[in-house]
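So the structure is just underneath, and the comments pick up after that.
The values are calculated or read from the model by the stated rules, or taken from the named source; none is laboratory data. All figures in this text were calculated on a predicted structure; none of them were measured in a lab. Cβ placement follows ideal geometry from the backbone for every residue including glycine, while neighbour counts extend to all protein chains displayed. SASA here: full protein model, heavy atoms, side chains in, ligands and nucleic acids out. Shrake-Rupley method; radii C 1.70, N 1.55, O 1.52, S 1.80 Å.
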Amino acid sequence: LSAIHHPKDWLHRQLLEKQDQRGGRWKSQWTLLLDNENAGKLSGQIDVHVHFYEGGNVHLKTKKEPELTIDIKDKGQQLAKLLATKIEAEESNFEGAIEEAFRQLNDSVFRSLRMALPHTKTKIKWETFVQQSRLAARNAGGQ
């Protein structure tokens, strides 16, 4: 059994888009174990952390550990191209699944979690509310 593996080699991408009020990190690591001259097992670990902070604070942390069987016919550049194609396809599918999950959550769960506006249809000024609560607590305590 031979392996192409460097434990500290990660594919890594960070994103911070202040104008869209989102950020995130995508980190993946892939290992190829050669079973014999014509076959191998490509396994990966993909870690994703996405943060949306427009009008709220939503985090998504998820992980996927795909395993693929690879038919190896050629070595060198052909093998490198095959691995790159397989990794790109697997990561693109995972990214699409995450985007679809967010779309579905936004249409259902997130709407029910959002704080409803009071019947006056105005937002509460939380800073004023907190200051008044502290003042009332101080007065009640004799301070």
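Determine if the stretch 84-102 includes at least one residue that is in a helix (DSSP H, G or I), modelled with pLDDT under 80 and surrounded by 10 or more Cβ atoms within 10 Å (Cβ to Cβ).
Looking for residues that are in a helix (DSSP H, G or I), modelled with pLDDT under 80 and surrounded by 10 or more Cβ atoms within 10 Å (Cβ to Cβ), one finds at least one in the stretch 84-102, hence yes.
If the Cβ limit is 7 Å and pairs must be 6+ apart or interchain, which residue in the stretch 117-143 that is open to solvent by 70 Å² or more (accessible area, probe 1.4 Å) pairs with which residue that is outside any loop (DSSP other than H, G, I, E, B) and at pLDDT below 70?
Short answer, once both residue conditions are applied: none.
Would the stretch 7-24 turn up any residue that is open to solvent by 60 Å² or more (accessible area, probe 1.4 Å) and modelled with pLDDT of 90 or more?
Checked against the condition, which is being open to solvent by 60 Å² or more (accessible area, probe 1.4 Å) and modelled with pLDDT of 90 or more, the stretch 7-24 yields no hits at all.
Could you pull out the residue among Lys41, Lys27, Lys73, Lys61 that is modelled with pLDDT of 85 or more, outside any helix (DSSP H, G or I), over 22 Å from the mean Cα position of the chain (by Cα) and not aliphatic (A, V, I, L, M)? Please lay out each step first, then the result.
Working: Lys27 fails: over 22 Å from the mean Cα position of the chain (by Cα); Lys73 fails: modelled with pLDDT of 85 or more; Lys61 fails: over 22 Å from the mean Cα position of the chain (by Cα).
So the residue among Lys41, Lys27, Lys73, Lys61 that is modelled with pLDDT of 85 or more, outside any helix (DSSP H, G or I), over 22 Å from the mean Cα position of the chain (by Cα) and not aliphatic (A, V, I, L, M) is Lys41.
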